[in-house]
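Engineer: Have a look at this one before I ask anything.
The values are calculated or read from the model by the stated rules, or taken from the named source; none is laboratory data. All values reported here derive from a predicted model rather than from experimental measurement. Reconstructed Cβ throughout: ideal geometry from the backbone, glycine too, with neighbour counts over all protein chains shown. Calculation scope for accessible area: heavy atoms of the full protein, side chains included, ligands and nucleic acids excluded. Shrake-Rupley method; radii C 1.70, N 1.55, O 1.52, S 1.80 Å.
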Amino acid sequence: MNYKRIFIENSLVFITVVTKNRENILIDNISFLRKAFKLAKEKYRFEIIAIIINPNHFHMIMRPEDIKEYPKIIGFIKSSFTKLSKIKHTLNITTREANIWQRRYWEHTIINENDLHRHIDYIHFNSMKHYSIPPKEWKYSTFKKYVNKGVYELDWCNFDNKYGINEMNLE
């Protein structure tokens, strides 16, 4: 299968990277993942717009200085994490890939401001989607940075009946 990526200069890219068999290794090894991102930022020029780290996958929106480098950035993060974490794995000699990551990752080029906002919301809603944990309680995302910027209220997506909706008589 020939996979073709689209490279549009000055674009933002939404990325999803998943561990092999959805193994829950990322949060348990968060210090190594953070170090892998730090090393990638030292080697490549890119900005992380929004991110969430889950136990077995992460989503992020990034702005690479050179759009054609984002596949290299993702590969570097994955390989750096693999080396740093020392998680037991085998290496495929042909593809030079460790078996702790899914072979491919999903990407989407952000096409407009509405698309950007939908993907930022998706990232920050992810802890509710997978774990029923409100974004304000999930430590591994950029949600609180967005709260500090005034983009979200702290209780965004907090379905604990804050406004008494469950007690309202709508009849």
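Engineer: Sorted by accessible area (1.4 Å probe), largest first, how do K72, K20 line up?
Structural biologist: Putting K72, K20 in descending order of accessible area: K72, K20.
Engineer: Tally Lys/Arg at +1 and Asp/Glu at -1 over every other residue whose Cβ is under 10 Å from the Cβ of P55; what's the total?
Structural biologist: Details: positive: R22; negative: E23, D28.
Computed value for this residue: -1.
Engineer: Report the extension gain between N21 and K72 in nm, rounded to one decimal, defined as 0.36 nm multiplied by the number of residues separating them, less their alpha carbon distance.
Structural biologist: 16.1 nm
Engineer: I would also like to ask the following. All other residues with a Cβ under 11 Å from the Cβ of D66 taken together, and with Lys, Arg as +1 and Asp, Glu as -1, what is their net charge?
Structural biologist: +1
Engineer: L12's amide H: which non-local residues (gap 5+, or another chain) put their own amide H closer than 5 Å, with H modeled 1.01 Å from N in plane and none for Pro or chain starts?
Structural biologist: Under 5 Å from the amide H of L12: I110.
Engineer: Heavy atoms only, probe 1.4 angstrom, no DNA, RNA or ligands counted: give me M60, M128 ranked by accessible area, highest first.
Structural biologist: M128, M60
Engineer: Sticking with this one: Around S11, what is the net charge, scoring Lys/Arg as +1 and Asp/Glu as -1 over all other residues with Cβ under 15 Å from its Cβ?
Structural biologist: Details: positive: R5, R45, R63, K68; negative: E9, E47, E65, D66, E69, E107, E113, D115.
Net charge around S11: -4.
Engineer: Name the residues whose placed amide hydrogens come within less than 5 Å of the amide hydrogen of I100, ignoring near sequence neighbours (fewer than 5 apart) on the same chain.
Structural biologist: none
Engineer: In nm, to one decimal, how far is the E65 label point from the R34 one, both placed 7 Å along Cα→Cβ?
Structural biologist: Taking the simple label geometry, E65 and R34 are separated by 2.5 nm.
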